[in-house]
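Peer 1: Quick one: the structure is below, and I'll ask about it shortly.
Derivation of every value follows stated rules applied to the coordinates shown; laboratory data play no part. Bear in mind that the values here come from a model prediction, so they are computed numbers and not experimental data. Cβ coordinates were reconstructed from backbone atoms using ideal geometry, including for glycine residues, and neighbour counts include every protein chain displayed.
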């Protein structure tokens, strides 16, 4: 029985919680079975596994169990090979690293700082300031007003009216009538006609009276040689505690070819590694060697 026969009858690369989430397994699991089929399909399965009297499904299940054990045992190996496979580096550098130096420092003491101001601060306005208005304002009366009068106004007439007729000294007589009016009218406020007191007063009342002023004017503020001057007479004192500890870390990074190996030699070794390092095939070959004769 050959490996290709196992694949035909349902052989798959089994999963296991020990390595299911490992990056090397997630990266390679879809390629292992095709490589086994192509390059190791005609390898004969070990007699200890392929019992001629056992059903095919039983043999397939036995092979799966063998593969699970193999991957579990070699998961550390494949993890490190994967890290090498995906490592980013410069192939013609023989130095690529960094050197770290950490120094622990401790300080103690206080730092007092005064900005030189004392007393009170004074703001002095210098120059002149003017305010000019332009436009008209409108006052609008809203609602209604009424005027009430109470008390008595007494009217008293005085003087008389005289009428006289005269003639003109001529051949013809004419009647001429002359009326002389010397009457007068006196108003007395606050008393009745009989002289008794009755105070007179006038009053104005408003109903829903609301006055509204509409401003259409503009106030303009102008400055003439305006300069504001602040005289500082206050004092600010700053006290700072400088006690503490801190770490100082210095990192030196080195990289490149320091001359130990020629660049051409490093390039040649990189070519050899590229031809030999086949990550997927390494896993497939190990599985084939575990279940078949190689």
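Peer 1: Over region 1-70, what per residue volume does the convex hull of the Cα atoms give, in whole Å³?
Peer 2: 84 Å³
Peer 1: Determine, for each peptide in 213-222, 28-37, the mean count of other beta carbons within 10 angstrom over its residues, then list the peptides with the highest first.
Peer 2: Answer by packing, highest mean first, reads 28-37, 213-222.
Peer 1: Extension gain residue 270-residue 80, at 0.36 nm per residue separation less the Cα-Cα distance, in nm?
Peer 2: 66.6 nm
Peer 1: Taking the Cβ of each residue in 59, 283 as the centre, tally the other Cβ atoms inside 10 Å and list the residues starting with the fewest.
Peer 2: 59, 283
Peer 1: Efficiency by 1/(1 + (r/R0)^6): what FRET value for residue 2 and residue 73, r their Cβ-Cβ distance, R0 = 35 Å, to the nearest 0.05?
Peer 2: It comes to 0.90.
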